[in-house]
1. Starting from the Cα-Cα distance between Glu51 and Asp136, subtract it from 0.36 nm times their residue separation and give me the gain in nm to one decimal.
2. What FRET efficiency, computed as 1/(1 + (r/R0)^6) with R0 = 30 Å and r the Cβ-Cβ distance, is obtained for Asn34 and Thr112, rounded to the nearest 0.05?
3. Amide H of Ile162 versus every other amide H placed in the peptide plane: which residues, excluding those fewer than 5 positions away on the same chain, fall under 5 Å?
4. In sequence order, what are the phi-derived ³J(HN,Hα) couplings for region 170-179 according to the Karplus relation 6.51 cos²θ - 1.76 cosθ + 1.60 with θ = phi - 60°, rounded to whole Hz, with x for glycine and proline?
5. For the chain, what Kirkwood radius comes out of the mean inverse Cα-Cα distance, in Å?
6. Anything over 26 Å Cα to Cα? Flag those among Lys102/Lys143; Lys110/Lys143; Lys83/Lys110; Lys94/Lys122, in the order listed.
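Derivation of every value follows stated rules applied to the coordinates shown; laboratory data play no part. Values in this document were obtained by computation on a predicted structure and should not be read as measured data. Backbone-built Cβ (ideal geometry, glycine too); neighbour counts: all protein chains shown.
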Amino acid sequence: MKLVHLTLAAVSTSLAAGAFAADYVIDPAHSSVNFTAGHLGISKTVGRFNEFEGTFSDDADNANASIVIQAASIDTNHPDRDKHLRSPDFFDVKQYPTLTFKTNTFTTDKLTGVLTMHGKSKPVELDVTLIGEGEDPWGGYRKGYQATTTINRSEWGITYFIPGVPDEIEIEIQIEGIRK
């Protein structure tokens, strides 16, 4: 009987936490914006953007997310390649200093919105997984998600060296938000 009461208490606590949707600010120290691009059909290069900020809310009535990424913060662990990626051949960071994503809809497993990159805005759908949520040691409340998708960079006008660097780019975003 005690086990049933403990189980019911745990379920009701988790339902109450899920029902308390709120606004979150992205914690960049515990989040990442990563991508993977093929190279010459023989390997893959992994990179990330080191500077970004954003917010999200998973409130059923007003679910939304937005992120602003500094294009010049691209990092593939190779300074010469990163310099080339910042050039007009790829991201052209002087003309297009940011990448942005804003949602149209946000459900428990899908995030759809508009990705603006290289001066063009296109719809994108990401698969979303809730990683976890709960109180942190400092009295705050945190929630974390993983979002993944694959895009064709040519849709945003970034066509340099296709097919040596394939058109398809895999994106993986790990987000930990702190409740406001």
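1. Working: separation 85, 0.36 × 85 = 30.60 nm, distance 2.35 nm.
Length difference between fully extended and current span is 28.3 nm.
2. On the way: r = 20 Å, r/R0 = 0.67.
Calculated value: 0.90.
3. Long-range HN contacts for Ile162: none found.
4. So the J values, rounded to whole Hz, are 8, 10, 9, 10, 10, 10, 10, x, 10, 4.
5. Numbers: mean 1/r = 0.0561 Å⁻¹.
Final number for the Kirkwood radius of the chain is 17.8 Å.
6. Numbers: Lys102/Lys143 19 Å; Lys110/Lys143 16 Å; Lys83/Lys110 34 Å; Lys94/Lys122 21 Å.
Exceeds cut-off: Lys83/Lys110.
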